[in-house]
Amino acid sequence: MTQTATTKADTTYQQIPLTTLAPERQVGVKLFLRTGKDRFVLFLTETTQLSTAKIEQLKQNNVSHLYLNTSDRQGYLSYIKKNLSAILTNPDLTENDKASIIYETASDITEELFLQPSRESIEQTRNLVDCMIDTISQSPKTSNLLMMITNQDYYTYTHSINVGIYAVSMMRKAIPSSSEAELKTLGLGFFLHDLGKARIPNSIINKKGSLDQDEWLLMQEHPAMGAELAQEMGTDNPTIIDIILTHHERCSGSGYPKKISRNEISIPGKICALCDVFDALTTKRSYKKALSTFEALKIIQNETPDHFEPELLNQFILLFS
Ligand SMILES: [Fe+2]
């Protein structure tokens, strides 16, 4: 049952860590062992389960990675998504590995969510957030590592992940008594805060110059559009809807859409707003460079001090110290 591929390693095969493979499950794609510079032998077929014994055998032979054909990458990501919880509880995984798996899976799931919002893509996001909160509860260091690997290139989906990661870390700091169940609900709200942008044309989202009046009016509707979309997809939890609706409100009352102020905005809404602005400043767009963490915090503190709750801003700054 062995088969040798003759194409070059770098162009045809992708290395995957053994630690991402949970025992007694089908991966659903062919997996290969590397036996030489450009030589690979088939190790596991699409329909074979990877047994605990086989994993142990590989470890004993100091094999830490297997390979898959790059054209099977989507199949491998589907396997990761379906088995995320089992994979993340593998005791051999380092915290760095956990953070990378969470971020990479989040990128795949949220890209799909924004391209085609559906009940299924929201369910996948919910599962991802649940796994992320479970992992952070068991290995708190993963939270810091996730903050360090946030993507600096701005896309609506990577922005949603980055804001989700910052805001969950911030909630744990601002309200340490938050239960895991509460953090899971809040986390989903943070990941979905910009869902309404799925209904705004890309020409407006990615416009280089400032928006004209009509475009700006439409853009200001994305919180309400997001709440509506989430409800259409069966997500009507009031905490989640509140985060989506209020993430552009400001303590000064100068935000949108309702121009509500300090005491009218919930803590999660205020936290999401702060993380949203911070990520917008620290990611690069075609028309602006990414600011450093220090530069971004300085701007938020000095130029818009009345937009955010001073106590929350201080706690946010401490996340990076
Ligand atoms: Fe937004």
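The values are calculated or read from the model by the stated rules, or taken from the named source; none is laboratory data. The model shown is predicted, which means the values in this text are computed figures rather than measured ones. No Cβ is skipped: glycine too gets one built from the backbone with ideal geometry, and neighbour counts run over all protein chains shown. These area figures cover heavy atoms from the full protein model, side chains too; ligands, DNA and RNA do not enter into them. Shrake-Rupley method; radii C 1.70, N 1.55, O 1.52, S 1.80 Å.
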Verdict on Leu318 being away from the ligand (no atom under 14 Å from the Cβ) and under 17 Å from Val163 (Cβ atoms)
no
State which residue pairs qualify: first residue not assigned by TED's automatic domain parsing to the domain that holds Leu68 and inside the range 32-45, second residue hydrophobic (A, V, I, L, M, F, W, C) in any location, beta carbons under 9 Å apart, and separation of 6 or more residues or different chains.
none
Identify the residue in the range 229-250 that is in contact with a Pro (Cβ under 9 Å, 6 or more places away or on another chain) and outside any helix (DSSP H, G or I) and, among all such residues, is farthest from Ile265 (Cα to Cα).
Met233
Looking at the range 188-228 only, could you name the residues that are assigned to a helix (DSSP H, G or I), in contact (Cβ under 8 Å) with a residue 24 or more places away in the chain, aliphatic (A, V, I, L, M) and over 18 Å from Gly269 (Cα atoms)?
Ala198, Ile205
Answer yes or no: is there a residue in the range 161-173 that is of a type in the set (Lys, Arg), at pLDDT 95 or above and more than 17 Å from Lys98 (Cβ to Cβ).
no
Residues within the range 274-292 that are exposed (fewer than 12 other Cβ atoms within 10 Å of the Cβ) and touching a residue at least 12 places away in the same chain (Cβ under 8 Å), tallied:
2
Is the range 294-301 home to any residue that is under 21 Å from Val168 (Cβ atoms) and in contact (Cβ under 8 Å) with a residue 24 or more places away in the chain?
yes
Taking Leu68 and the conditions (1) in contact (Cβ under 8 Å) with a residue 12 or more places away in the chain; (2) under 30 Å from Pro140 (Cβ atoms), which numbered condition does it fall short on, given that it satisfies the others?
(2)
Can you tell me which of Ala224, Ala181 is within 16 Å of the ligand (Cβ to nearest atom) and either basic (Lys, Arg) or under 25 Å from Tyr166 (Cβ atoms) (or both)?
Ala224
Here is a check on your reading of the model: is Ser261 out of contact with any His (no Cβ under 8 Å at 6 or more places or on another chain), more than 16 Å from the ligand (Cβ to nearest atom), modelled with pLDDT of 95 or more and of a type outside the set (D, E, K, R)?
yes
Of (1) part of a helix (DSSP H, G or I); (2) open to solvent by 20 Å² or more (accessible area, probe 1.4 Å); (3) touching a residue at least 40 places away in the same chain (Cβ under 8 Å); (4) outside the structural domain of Met148 (by TED's automatic domain parsing), Ala53 fails just (3)
Leading residue by the ranking (farthest from the chain's Cα centre (by Cα)) among those in the range 58-74 that are within 19 Å of Thr45 (Cβ to Cβ) and open to solvent by 30 Å² or more (accessible area, probe 1.4 Å):
Val63
I need the full set of residues from the range 184-210 which are open to solvent by 50 Å² or more (accessible area, probe 1.4 Å) and within 16 Å of the ligand (Cβ to nearest atom), in order please.
Arg199, Pro201, Asn202, Asn206, Lys207
Is one or more of the residues making up the range 81-104 surrounded by fewer than 17 Cβ atoms within 10 Å (Cβ to Cβ) and of a type in the set (A, V, I, L, M, F, W, C)?
yes
Failed criterion for Ser78 (all others in (1) surrounded by fewer than 17 Cβ atoms within 10 Å (Cβ to Cβ); (2) not assigned by TED's automatic domain parsing to the domain that holds Pro23 hold):
(2)
What residue, of Gly269, Gly253, is small (Gly, Ala, Ser), in contact with a Ser or Thr (Cβ under 9 Å, 6 or more places away or on another chain) and without any contact (Cβ under 8 Å) to a residue 24 or more places away in the chain?
Gly253
Given (1) out of contact with any Lys or Arg (no Cβ under 9 Å at 6 or more places or on another chain); (2) open to solvent by less than 60 Å² (accessible area, probe 1.4 Å), Gly253 misses just (1)
